[in-house]
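The values are calculated or read from the model by the stated rules, or taken from the named source; none is laboratory data. Quick caveat: nothing in here was measured; it's all calculated off a predicted structure. Cβ placement follows ideal geometry from the backbone for every residue including glycine, while neighbour counts extend to all protein chains displayed.
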Amino acid sequence: MSDETRLCLFESDLGWFALVGCGAAVSRLTFAHRSALAALQSVAGGDLAEAGSRDPLQKLARRLQAYARGKADDFCDVPLFFATQTKFQQRVTDACRRIAPGKVLSYAELATRVGSPGAARAVGNCMARNPIAIIVPCHRVLASGGGLGGYSMGSGLDVKRRLLRLEGYEIDALQAT
């Protein structure tokens, strides 16, 4: 398998996805697009080769399609590639990946888990810049008090609510605001 940057576009119950990978690692994931063209445009830039049928990205695409239909998957086995990440961002990413489907943490709780109590805003900034949503499940991180906080993928908080419901997390009236 080549280490060239590859692209996999596919449709799911969560809209069109674009996966970008290098070697066996995923470097970008975007979803909730209305068309393949919109998904492609979201990751455009640079030379991308189409992922072949035996490519790990194709296998991951099938897993993501099953996830979008409601099949639980934590994706913790998926290798990731970040072009740049500080040590703090690496700790946040790793800790976020360990939040089980259907469970949530607040930004402050995640900051405490990575040994940086009081760094909730920095955790939020890290999650807002997450280029590999779902696999790094930033939708499982909420504001203190149970509010949804933010979400930059697709239609924002509507997508975050949908992902949480898909994983069986019950969102009460306080969290819907």
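Listing for the model above:
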read-out	value
Residues that are at pLDDT 90 or above and either among the basic types (Lys, Arg) or touching a Leu at 6+ places or on another chain (Cβ under 7 Å) (or both), drawn from the stretch 137-159	139, 140, 141, 142
Test for residue 60: is it crowded, with 19+ Cβ neighbours inside 10 Å, under 22 Å from residue 169 (Cα atoms) and either touching a residue at least 12 places away in the same chain (Cβ under 8 Å) or not assigned by TED's automatic domain parsing to the domain that holds residue 17 (or both)	no
Pairs with Cβ under 7 Å, 6+ apart, first in the stretch 19-41 and within 11 Å of residue 7 (Cβ to Cβ), second crowded, with 21+ Cβ neighbours inside 10 Å and polar (S, T, N, Q)	39/30
Pair list, Cβ under 6 Å, 6 or more apart: the stretch 127-148 residue farther than 19 Å from residue 85 by Cβ and assigned by TED's automatic domain parsing to the domain that holds residue 159, other residue part of a helix (DSSP H, G or I) and basic (Lys, Arg)	139/160; 148/160
Selection count where residues are surrounded by fewer than 17 Cβ atoms within 10 Å (Cβ to Cβ) and modelled with pLDDT under 95, scope the stretch 101-116	2
Selection count where residues are assigned to a strand (DSSP E or B) and more than 18 Å from residue 59 (Cβ to Cβ), scope the stretch 2-42	5
Of residues in the stretch 124-172 being polar (S, T, N, Q) and within 11 Å of residue 107 (Cβ to Cβ), the one surrounded by the fewest Cβ atoms within 10 Å (Cβ to Cβ)	144
